[in-house]
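Report on the structure given below.
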Amino acid sequence: MPALVLAGEEEFLLYRKLEELKEKLLDPAFASFNYQRLDGAVSGSDVVDLAASIPFGPGNKVIIFDRCDWFAKKRAGKSDDKPKTGKAGKASGKDSVDEDKLAEALAGLHPNTYLIFVATQNFDSTLRLSKLVAQHAKVEKFDKFKHWAGGEASTELKNFVQKEVHHFGATIDEDAAYYLIDGLEANLRHIHKEIEKAATYILPQTHITLDVVKRLSPHNSQIFAVTEYWLAGKHEQTLNSLRELLSKQNAMGVIAALQTLLSKWVQIKTLCEVEKEKLPYHPGVQRRDLPSHELAKRLQGSLKAHPFALEKDIKRLQPVSLDFLIRKRQDLTRMEQMVKTGLMPDLHALELFFFGEEKRRQ
């Protein structure tokens with residue numbers, strides 16, 4: 001099928017596929033004649049006109065409609081989100097084309113003329129224009145892989161890491177792979193670069209360990225950096241890290257993330273206490289503490305978390321008590337309500353949450 005649609009929010013994989021297609025379809029000797037790229041909104045008449053073109057010389061002609069907005073609902077709050085493709089229908093808002101002409105153009109493509117629509121939003125198959133194009137084009141979707149910090153990595157993400165590592169002729173430990181996924185927040189482009197860096201660093205060896213990726217790749221989850229400094233009582237580092245985080249994210253988003261973290265930490269700390277209570281205890285003998293890696297193994301099933309991330313949380317929470325976490329969650333809930341009702345500025349709420357107890361002691 002000479003018409004193709006590459007659509008999805010995972011741009012790294014999408015544009016890698018696009019480059020593979022260009023390399024496969026284009027004859028380098030005639031690429032200057034047979035390659036054309038249109039960027040941004042495209043009109044239906046453009047597609048109809050270009051669909052009639054044929055390659056110059058041997059090989060194929062490749063026409064790319066990059067950043068095409070045909071296959072996703074508009075976000076401008078318009079009353080009609082569906083692209084209009086009837087007799088007076090619009091494909092881009094600038095030009096109109098008869099729906100039948102568009103379908104005829106796509107169906108009548110020369111066997112060596114390839115039209116490639118590139119959309120960096122997920123393909124909405126309910127739209128009329130999506131349905132029309134899908135009848136005459138092969139649709140390949142590149143939805144962004146979902147990952148929540150501290151949660152189990154999906155099979156798709158694990159497979160991606162393994163394939164990238166194999167591409168560089170190396171292997172990788174499971175914990176090292178998870179460190180990259182979680183620490184780089186499932187950003188495939190960044191993961192690819194860090195794997196390349198690690199594979200080069202270990203030469204002539206070919207196995208990437210957790211120690212290697214820890215040495216080369218920082219764990220970039222900034223909210224974790226803020227809370228780690230805070231839990232360790234490092235107030236200056238907490239303040240600096242918080243300012244850096246707020247330069248990239250609004251305060252209400254940080255408050256929401258803190259609510260999620262505190263709820264998870266209260267659950268982890270509670271279950272840790274339960275596990276410790278199960279240990280044998282005799283009068284006059286102090287109950288021993290389970291090491292963090294053993295606690296992580298015991299809790300990973302009930303919490304549905306990766307043991308590496310769970311062990312990090314257990315170690316992070318060692319300096320604080322369960323009562324402290326419960327009290328801080330209550331404090332944050334009260335402050336969040338005050339922010340939402342306009343009684344407290346959001347930045348003031350965050351400063352009070354992190355440094356309020358310190359100020360009360362001064």
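The values are calculated or read from the model by the stated rules, or taken from the named source; none is laboratory data. What you are looking at is a predicted structure, and each value in this text was computed from that prediction instead of being measured. Cβ coordinates were reconstructed from backbone atoms using ideal geometry, including for glycine residues, and neighbour counts include every protein chain displayed. Areas reflect the complete protein model, heavy atoms only, side chains present, ligands, DNA and RNA absent. Shrake-Rupley method; radii C 1.70, N 1.55, O 1.52, S 1.80 Å.
Report every pair of residues separated by at least 6 positions or lying on different chains whose Cβ atoms are under 8 Å apart, first residue within segment 21-48 and touching a residue at least 24 places away in the same chain (Cβ under 8 Å), second part of a helix (DSSP H, G or I) and open to solvent by 40 Å² or more (accessible area, probe 1.4 Å).
Partner pairs satisfying both residue conditions: Tyr35/Lys22; Leu38/Asp46; Gly44/Lys101; Val48/Lys101.
With Lys24, Lys94, Lys73 as the choices, which residue is more than 28 Å from the chain's Cα centre (by Cα), within 27 Å of Lys144 (Cβ to Cβ) and either open to solvent by 50 Å² or more (accessible area, probe 1.4 Å) or modelled with pLDDT under 80 (or both)?
Lys24
Among the residues of segment 163-170, is there at least one that is assigned to a helix (DSSP H, G or I), open to solvent by less than 80 Å² (accessible area, probe 1.4 Å) and on the phi < 0 side of the Ramachandran plot?
For segment 163-170, residues assigned to a helix (DSSP H, G or I), open to solvent by less than 80 Å² (accessible area, probe 1.4 Å) and on the phi < 0 side of the Ramachandran plot: present.
Find the residue count for segment 321-357, including only residues that are over 26 Å from Thr270 (Cβ atoms) and among the charged types (D, E, K, R).
3
Out of segment 313-328, which residues are in contact (Cβ under 8 Å) with a residue 40 or more places away in the chain, assigned to a helix (DSSP H, G or I) and under 27 Å from the mean Cα position of the chain (by Cα)?
Asp313, Ile314, Arg316
So which residues in segment 121-130 are among the small types (Gly, Ala, Ser) and either part of a strand (DSSP E or B) or open to solvent by 70 Å² or more (accessible area, probe 1.4 Å) (or both)? I'd like the intermediate steps shown before the answer.
Of all residues in segment 121-130, those among the small types (Gly, Ala, Ser) come to 125, 130.
Once the filter is applied, which keeps residues that are among the small types (Gly, Ala, Ser) and either part of a strand (DSSP E or B) or open to solvent by 70 Å² or more (accessible area, probe 1.4 Å) (or both), segment 121-130 yields nothing.
So, Asp143, is that one closer than 30 Å to Val213 by Cβ and either among the basic types (Lys, Arg) or open to solvent by 50 Å² or more (accessible area, probe 1.4 Å) (or both) or not?
Details: closer than 30 Å to Val213 by Cβ: yes; either among the basic types (Lys, Arg) or open to solvent by 50 Å² or more (accessible area, probe 1.4 Å) (or both): yes.
Yes: the conditions hold for Asp143.
Have a look at Val118, Val133 and point out the one that is in a helix (DSSP H, G or I) and buried (at least 16 other Cβ atoms within 10 Å of the Cβ). Lay out the reasoning, then the answer.
Working: Val118 fails: in a helix (DSSP H, G or I).
Every option except Val133 fails the conditions.
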